[in-house]
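Novice: Just dropping this structure here.
The values are calculated or read from the model by the stated rules, or taken from the named source; none is laboratory data. None of these values were measured; they are calculated from a predicted model. Note that each Cβ is placed from the backbone with ideal geometry, even for glycine, and that neighbours are counted across all protein chains shown. Protein only, heavy atoms only, side chains kept; ligands, DNA and RNA dropped before computing areas. Shrake-Rupley method; radii C 1.70, N 1.55, O 1.52, S 1.80 Å.
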Amino acid sequence: FNGSEYFVYYDDKKFRLDKRYALYRRSQNFSMTDNFNRPMEEQFTNLIGIYQLRYPLDIYRSIRLTTTLRFDTYNVLSTDRPSLETEPVNTQRLGVKAEYVFDNTYLMKKNMLNGTRYKFWIEGLNKFQVQFAPWAFSLSDDFMTIIGLDARHYLRLGRHAILAGRAAATTTFGSEQLL
């Protein structure tokens, strides 16, 4: 084992406005060597909190708004004196995503869908810095906006065959870009 991964969520569908609370945590360890051929152990930890609102327009269409808080930590684990003096690198991001979703697919058999589903979305991400002692909060000038589309159509060809077509596109703009 070189790490752990956890995902837990709670859906509140009591009223028409559905709510989802989710928490995701992943920790991975990596072994490598530095410039002097000394072994190093590194650990990447991601913690993501998600709050989502879903408003169904009808049985097939919905509008969704998702906010995310993401905390990433990079540590060099203690294997020798220089690694003890290495400070962890922390990155925090705040994201807001708005989606329009259409989905009229239905499950014919296990892993066999029929119908069409697509979604359009726009998402904004910004780095921020939080300090607790003394208290300080600051947003960065690094902002990224993502616009995307994902469309899928499933067509039944026979009793046990499905033709699945997919079109997907995304673009980013702002001071940060996706690779």
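Novice: List the longest stretch of the chain that has no exposed loop site; here a site is one of the chymotrypsin sites (Phe, Trp or Tyr not before Pro) assigned by DSSP to anything other than H, G, I, E or B, with at most 11 other Cβ within 10 Å.
Specialist: Values: sites that count: PHE1, PHE15, PHE36.
Longest gap between qualifying sites, sites excluded: 37-179.
Novice: Here's a follow-up. Residues with beta-carbon under 11 Å from that of THR91, excluding THR91: net charge, scoring Lys, Arg +1 and Asp, Glu -1?
Specialist: Details: positive: ARG70, ARG93, LYS127; negative: ASP72, ASP142.
Charge balance near THR91 sits at +1.
Novice: Counting only the backbone N, which residues of the range 105-129 are under 17 Å from the spot 7 Å out from the Cα of THR67 toward its beta-carbon?
Specialist: Answer for the range 105-129: 123-129.
Novice: Continuing with this model, one more query. For GLN129 paired with ARG25, estimate the spin-label separation in nm (one decimal), with each label point 7 Å from Cα along the Cα-to-Cβ line.
Specialist: Output for this residue pair reads 2.6 nm.
Novice: Can you put HIS160, HIS153 in order of accessible area, largest first, using a 1.4 Å probe?
Specialist: Working: HIS160 135, HIS153 85 Å².
Largest to smallest exposure gives the sequence HIS160, HIS153.
Novice: I would also like to ask the following. Taking Cα pairs under 8 Å and at least six residues apart, what relative contact order does the chain come out at, in percent?
Specialist: Working: 423 pairs, mean separation 22.5, N = 179.
Relative contact order here is 13 percent.
Novice: Match the structure shown to one of the listed values (1) 64, 40, 34; (2) 68, 40, 32; (3) 98, 31, 25 of Cα extents along the principal axes in Å, computed from it, and give that label.
Specialist: Checked against the structure: label (1).
Novice: Also, I was wondering about something else. Could you compute Rg(Cα) / (2.2 N^0.38 Å) for the range 83-144, with N its residue count? Could you put the intermediate results ahead of the total?
Specialist: Working: Rg = 20.9 Å, N = 62, 2.2 N^0.38 = 10.6 Å.
In units of the globular-protein estimate, the range 83-144 measures up at 1.98.
Novice: Also, quick follow-up: When the helix-only estimate is applied to the chain (DSSP H runs of n ≥ 4, each -39,500 (n - 2.57), divided by the residue count), what is the mean residue ellipticity at 222 nm, nearest 500 deg cm²/dmol? Walk me through the intermediate numbers first.
Specialist: On the way: 1 runs with 4 residues, N = 179.
Mean residue ellipticity, 222 nm, calculated: -500 deg cm²/dmol.
Novice: Next question. Cut-off 17 Å, label point 7 angstrom out along Cα-to-Cβ of LEU94: give me the residues of the range 43-58 whose amide nitrogen falls inside.
Specialist: Only 48-52 fall inside the zone, counting backbone N under 17 Å.
Novice: Are there any trypsin sites (Lys or Arg not before Pro) in the range 124-179 that are in a DSSP loop and have at most 10 other Cβ atoms within 10 Å? List them by number. Walk me through the numbers before you get to the answer.
Specialist: Details: sites: LYS127, ARG152, ARG156, ARG159, ARG166; in loops: ARG159.
For trypsin sites (Lys or Arg not before Pro) across the range 124-179 that sit outside H, G, I, E and B with at most 10 neighbouring Cβ atoms in 10 Å, the list reads ARG159.
Novice: Treating only the Cβ atoms of Lys and Arg (+1) and Asp and Glu (-1) as charged, compute the dipole magnitude of the chain about its Cα centre; round to the nearest 20 debye. Write out the running numbers ahead of the final one.
Specialist: Details: 24 positive and 19 negative charges, 290 e Å.
So the dipole magnitude of the chain works out to roughly 1400 debye.
Novice: Additional query: Tell me, what is the per residue accessible area of the chain in Å², probe radius 1.4 Å? Mind dumping the intermediate values first?
Specialist: Numbers: 12700 Å² over 179 residues.
Using a 1.4 Å probe on heavy atoms only, each residue of the chain averages 71 Å².
Novice: For a Förster distance of 41 Å, can you work out the FRET efficiency between the beta-carbons of GLU87 and LEU163, rounded to the nearest 0.05?
Specialist: In this case the efficiency is close to 0.15.
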